[in-house]
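Engineer: Just dropping this structure here.
The values are calculated or read from the model by the stated rules, or taken from the named source; none is laboratory data. Predicted, not measured: the structure shown is a model, and the values here were computed from it. Here the Cβ positions follow ideal geometry from the backbone for every residue, glycine too, while neighbour counts run over all protein chains shown. Only protein heavy atoms, including side chains, enter the accessible area calculation; ligands, DNA and RNA are left aside. Shrake-Rupley method; radii C 1.70, N 1.55, O 1.52, S 1.80 Å.
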Amino acid sequence: MSGSLPRFNRIRTWSALACLLLPGLTPLAAQAQETIRFGAPLPQTGPLAPEALKQQQGYDLWAEQVNKKGGINVGGKKMKVEIVYTDYQSNTPRAVQAAEQLITQQKVNFLFSPFGSGAAKAASTVSEKYKMPTIAATASSPQVYDQGYKYLFGTFTPNDTLTTPLVKIVREKAPGVKRVAILARNDLFPLAIAQEMDKAAKAAGLEVVYFEKYAINTMDHSSALSQIKAQSPHWIFATGYINDLVLMKKQMSDQKMEAPVVTMIAGPAYKEFIDAAGKSAENISSAAWWHMAARYKGQDIFSTAENYTKLFREKYKSDPDYAQASASVSGALFQIAIEKAGSLDREKVRNELSKMNVMTFWGPVKFGANGQINSLEPPVLQIQGGKTLVVHPAAIKQADFKLGVK
């Protein structure tokens with residue numbers, strides 16, 4: 001999944017027809033009477049394009065299901081959903097500009113955040129300025145939510161909810177693991193979760209023998225990996241995005257690096273990572289915020305992970321991962337809030353989000369005072385037999401944790 005993806009900033013043809021029938025209306029005004037417009041700034045081109053496609057798939061699946069059922073019930077009137085995409089080319093300053101343009105020029109009713117913690121934090125100032133209810137589908141770092149803003153909500157629990165269970169599992173399974181090496185992309189989320197790993201490891205009595213950052217768009221990790229290899233770590237912990245981690249794993253294999261435990265966040269949760277890494281992906285561990293093995297009975301449009309997975313497979317001919325599911329549940333949460341508010345009034349919808357306490361296919365959703373979800377127990381994952389399986393928590397466990405990565 002690379003290269004340029006199509007842009008979706010477009011006015012649908014039926015809105016032009018509406019203007020012919022109602023000559024006094026502009027295209028946006030005509031459309032506003034018929035649809036609820038959700039803005040979605042995404043990095044559809046550039047190095048984060050694979051992640052953008054996943055979010056787009058999640059948003060589109062939700063919108064399709066809503067529209068098949070006649071739309072969102074707004075005070076007794078069914079209104080269809082339209083998602084307005086704009087490409088910010090994997091550039092954070094452009095993500096901020098894109099968010100503002102969606103609000104001021106495209107006149108969207110509500111907003112989804114750009115991809116990742118860094119861009120979500122940067123764009124949150126725009127949401128606050130315009131009092132625009134915004135849901136971040138891919139932002140977990142606490143720094144995104146520490147600004148005292150009222151209009152930003154996020155579907156990912158804090159980073160330590162991933163690293164703490166990982167450390168506990170490894171300590172129980174492999175007490176001989178003592179030395180940890182950490183390599184992190186110098187970007188808000190990857191670096192923040194690496195720092196949480198550093199804290200969790202030291203708190204558990206492990207020795208962090210290496211902790212270094214690599215620059216965004218790094219195309220050669222061989223020097224850093226050589227330094228890690230020289231430290232003979234028992235646990236290699238690497239953070240980044242799909243393209244970063246696929247390249248890193250290839251270069252680890254080239255250097256014949258082995259360790260009892262190798263953890264990568266967030267790539268191994270994606271099938272694309274397994275396909276690219278092949279057999280060398282075996283036993284790599286990771287963590288995420290959702291897996292299709294989840295067993296919740298929700299009040300949202302998808303109801304269960306089983307049903308969500310079925311619908312996703314029908315549309316995309318593949319299995320969903322947490323990135324797609326988070327985008328879909330973000331739409332579903334807006335839908336619930338709008339229907340409870342019975343209105344498109346931003347303040348009323350914002351208030352419904354702030355007091356939300358609902359079960360969904362994603363899990364229980366309750367936002368903390370800072371807007372970040374605080375109600376989930378994220379799964380710990382491991383690649384076994386070419387599949388991503390859940391090794392924690394016990395309620396949805398599919399396999400035991402295994403040691404040894406080559």
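Engineer: Given the criterion over 22 Å from Thr163 (Cβ atoms) and outside any loop (DSSP other than H, G, I, E, B), identify the matching residue among Phe273, Phe312, Phe302.
Structural biologist: On the way: Phe273 fails: over 22 Å from Thr163 (Cβ atoms); Phe302 fails: outside any loop (DSSP other than H, G, I, E, B).
None of the others qualify; the one that does is Phe312.
Engineer: Every residue in the stretch 125-144 that is of a type in the set (A, V, I, L, M) and touching a Ser or Thr at 6+ places or on another chain (Cβ under 7 Å), please.
Structural biologist: From the stretch 125-144, those of a type in the set (A, V, I, L, M) are 126, 132, 135-137, 139, 144; that's our starting set.
Matches in the stretch 125-144: Ile135, Ala136, Ala137, Ala139, Val144.
Engineer: With the requirement that a residue be farther than 20 Å from Phe273 by Cα, in contact with a strand residue (DSSP E or B) (Cβ under 8 Å, 6 or more places away or on another chain) and open to solvent by less than 10 Å² (accessible area, probe 1.4 Å), what does the stretch 319-335 give you? Show your work before the answer.
Structural biologist: Of the residues in the stretch 319-335, the ones farther than 20 Å from Phe273 by Cα are 328-335.
Going one step further and asking which of them are in contact with a strand residue (DSSP E or B) (Cβ under 8 Å, 6 or more places away or on another chain), we end up with 329-335.
Selection gives Val329, Ser330, Gly331, Ala332, Leu333, Phe334.
Engineer: Of all residues in the stretch 182-210, which are farther than 16 Å from Val261 by Cβ, free of Cβ contacts under 8 Å to residues at least 40 places away in the same chain and touching an Asp or Glu at 6+ places or on another chain (Cβ under 9 Å)?
Structural biologist: Within the stretch 182-210, Glu196, Lys199 qualify.
Engineer: What is the number of the single condition among (1) in contact with a strand residue (DSSP E or B) (Cβ under 9 Å, 6 or more places away or on another chain); (2) surrounded by fewer than 19 Cβ atoms within 10 Å (Cβ to Cβ) that Lys129 does not meet?
Structural biologist: Failed condition: (1).
Engineer: Being part of a loop (DSSP other than H, G, I, E, B) and either touching a residue at least 24 places away in the same chain (Cβ under 8 Å) or within 18 Å of the chain's Cα centre (by Cα) (or both) is the filter here, so list the residues in the stretch 351-367 that pass it.
Structural biologist: Here is the first cut: in the stretch 351-367, the residues part of a loop (DSSP other than H, G, I, E, B) are 355-356, 361-362.
Result: Phe361, Trp362.
Engineer: Something else now. Which members of the stretch 217-240 meet the condition of being more than 21 Å from Ala200 (Cα to Cα) and at pLDDT 95 or above?
Structural biologist: Our first condition is that a residue be more than 21 Å from Ala200 (Cα to Cα); within the stretch 217-240, this holds for 217-227, 229-230.
Hits for the stretch 217-240 are Thr218, Met219, Asp220, His221, Ser222, Ser223, Ala224, Leu225, Ser226, Gln227, Lys229, Ala230.
Engineer: Let me confirm something: among Ala332, Ala337, Ala323, Ala259, which residue is among the aliphatic types (A, V, I, L, M), over 30 Å from Met359 (Cα atoms) and either at pLDDT 95 or above or touching a Cys at 6+ places or on another chain (Cβ under 9 Å) (or both)?
Structural biologist: Values: Ala332 fails: over 30 Å from Met359 (Cα atoms); Ala337 fails: over 30 Å from Met359 (Cα atoms); Ala323 fails: over 30 Å from Met359 (Cα atoms).
So the residue among Ala332, Ala337, Ala323, Ala259 that is among the aliphatic types (A, V, I, L, M), over 30 Å from Met359 (Cα atoms) and either at pLDDT 95 or above or touching a Cys at 6+ places or on another chain (Cβ under 9 Å) (or both) is Ala259.
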